[in-house]
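Down below is the structure, laid out as structure tokens.
The values are calculated or read from the model by the stated rules, or taken from the named source; none is laboratory data. Values in this document were obtained by computation on a predicted structure and should not be read as measured data. Here the Cβ positions follow ideal geometry from the backbone for every residue, glycine too, while neighbour counts run over all protein chains shown. Keep in mind that these areas ignore ligands, DNA and RNA; they rest on the heavy atoms of the full protein, side chains included. Shrake-Rupley method; radii C 1.70, N 1.55, O 1.52, S 1.80 Å.
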Amino acid sequence: MLGLIDHVGVAVDDLDAAIALYGGTLGMPLSHRETIEEQGVEAVLLDVGDCHVELLCPLAVDTTVGKFIDRRGPGLHHVAYRVDDIQAVLETLRERGVRLIDSEPRIGIRRSRVAFLHPRSTGGVLTEIVEPHGAVH
Ligand code: CO
């Protein structure tokens, strides 16, 4: 059902410093940068093989990621799994009693379709499923 780990989301309060760390010190190629108004973040993807680290910098304090950093400080935010058919996976998870933050997919980075599962249903780990743009199913 879950194809692979697509990315690990990291909440940051200083995007330039985080890019210097991940792109410079850790040597990951920067592959994408995008402001996602709907999610209230500026996001950066860095390549790790076929997977990514997704840096999330809040556009304002009162956004989801802004509140997260306010409560817990910068750090690991979510794990995202790649799926072929997000609608089907959401339906299966719903049937299995998983609490969903997004009952319908929404548009994520690079025009992917994404949905978040509630950490209360996933052992405290905020979990995202992502169907890449142009996925065939
Ligand atoms: Co993500």
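Per-structure values
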{"read-out": "Surface per residue (accessible, 1.4 Å probe) for segment 5-131, Å²", "value": "51"}
{"read-out": "Between helix 86-95 and the chain: long-axis angle, C-alpha atoms, 0 to 90°, nearest 10", "value": "60"}
{"read-out": "Radius 13 Å from Cβ of Thr35, net charge of other residues (Lys, Arg +1; Asp, Glu -1)", "value": "-2"}
{"read-out": "Fluctuation leader among Leu56, Leu93, Leu76 - the chain, Gaussian network, Cα springs under 10 angstrom", "value": "Leu93"}
{"read-out": "Coarse-grained scattering of segment 71-127 at q = 0.15, 0.18, 0.24, 0.29 Å⁻¹, given as base-10 log I(q)/I(0) from a Debye sum over alpha-carbon atoms", "value": "-0.45, -0.64, -1.04, -1.33"}
{"read-out": "Size-normalised alpha-carbon gyration radius of the chain, reference 2.2 N^0.38 Å", "value": "1.02"}
{"read-out": "Accessible-area composition of the chain, carbon plus sulfur, in percent [1.4 Å probe]", "value": "52"}
{"read-out": "Within the chain, helix-based [θ] at 222 nm, where runs of 4 or more DSSP H residues each add -39,500 (n - 2.57), nearest 500", "value": "-4500 deg cm²/dmol"}
{"read-out": "Base-10 log of normalised Debye intensity for segment 32-74 (one unit scatterer per alpha-carbon) at q = 0.20, 0.25, 0.26, 0.31 Å⁻¹", "value": "-0.62, -0.82, -0.85, -1.00"}
{"read-out": "Options Ala60, Ala135, Ala115, ranked by Cα towards positive dipole end of the chain, top entry (Cβ charges)", "value": "Ala115"}
{"read-out": "Antiparallel DSSP beta bridges within segment 5-131, percent to nearest 5", "value": "75"}
{"read-out": "Between segment 1-67 and segment 84-137, the Cα center-to-center distance that results, in Å", "value": "18"}
